[in-house]
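The values are calculated or read from the model by the stated rules, or taken from the named source; none is laboratory data. All values derive from a computational prediction rather than experimental measurement. Because the Cβ atoms are built from the backbone with ideal geometry, glycine has one as well, and the counts that use them run over all protein chains shown.
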Amino acid sequence: MYTIQTEASFDSAHFLKDYEGKCSNIHGHRWRVEVELAAHSLKEEGAERGMIMDLTAVKERLRAEADRLDHVLIVEEGSLKESTLKALESENLRIVILPFRPTSENLAKYFFDCMKETGCPVYRVRVFETPGNGASYGERIPEDK
């Protein structure tokens, strides 16, 4: 099996509603996302001969999603009152509402799904919220056709 990987980082804030601990308060992270692609064989023709995929294209796809989450408040859908959201938005704060709790585990699956939707043969995604703490999500790669 061959693998390639790239990474991107972004800064954002989040909180974990109903969590018993410090993470229930709004706090920020320098998130680092590592994406690993895998294939059993390399392309045999064209400009990508000898590659799994053009790494520049992979980096661009990952960077686009990381940029969308950069310098925002990531909020789980339904975790704030509508009046609170409107007040924050009236102050021109950038908010991204996601349909899941913004944990490292869920963000790893989120980035995995985003990369897969763009056609990348993604194998595993790791998301670090601090240099030493993170989570990963991955799937087995299918056999080459």
Among the listed residues ARG94, ARG126, ARG101, which satisfies the condition of being touching a His at 6+ places or on another chain (Cβ under 8 Å) and either modelled with pLDDT of 95 or more or on the phi > 0 side of the Ramachandran plot (or both)? ARG94
Could you tell me whether SER83 is touching a residue at least 24 places away in the same chain (Cβ under 8 Å), farther than 16 Å from ALA13 by Cα and either among the hydroxyl-bearing types (Ser, Thr, Tyr) or assigned to a helix (DSSP H, G or I) (or both)? no
Collect the residues in the range 70-80 that are assigned to a loop (DSSP other than H, G, I, E, B) and over 14 Å from ASP18 (Cα atoms), keeping them in residue-number order. ASP70, HIS71
Going through the range 121-145 in order, the residues found to be within 19 Å of ASP67 (Cα to Cα) and buried (at least 19 other Cβ atoms within 10 Å of the Cβ) are VAL125, ARG126, VAL127, PHE128, GLU129
Restricting attention to the range 95-107, the residues that are crowded, with 18+ Cβ neighbours inside 10 Å and in a helix (DSSP H, G or I) number exactly 2
Qualifying residue in the range 56-67 (condition: surrounded by 15 or more Cβ atoms within 10 Å (Cβ to Cβ), out of contact with any Pro (no Cβ under 7 Å at 6 or more places or on another chain) and touching a residue at least 60 places away in the same chain (Cβ under 8 Å)): yes
Here are TYR110, TYR137: which of them is in a helix (DSSP H, G or I) and either of a type outside the set (Asp, Glu) or modelled with pLDDT under 95 (or both)? TYR110
From (1) assigned to a strand (DSSP E or B); (2) at pLDDT below 95, pick out the condition that doesn't hold for ALA8. (2)
If a residue has to be closer than 23 Å to ARG140 by Cα and surrounded by fewer than 18 Cβ atoms within 10 Å (Cβ to Cβ) to count, how many in the range 7-35 make the cut? 2
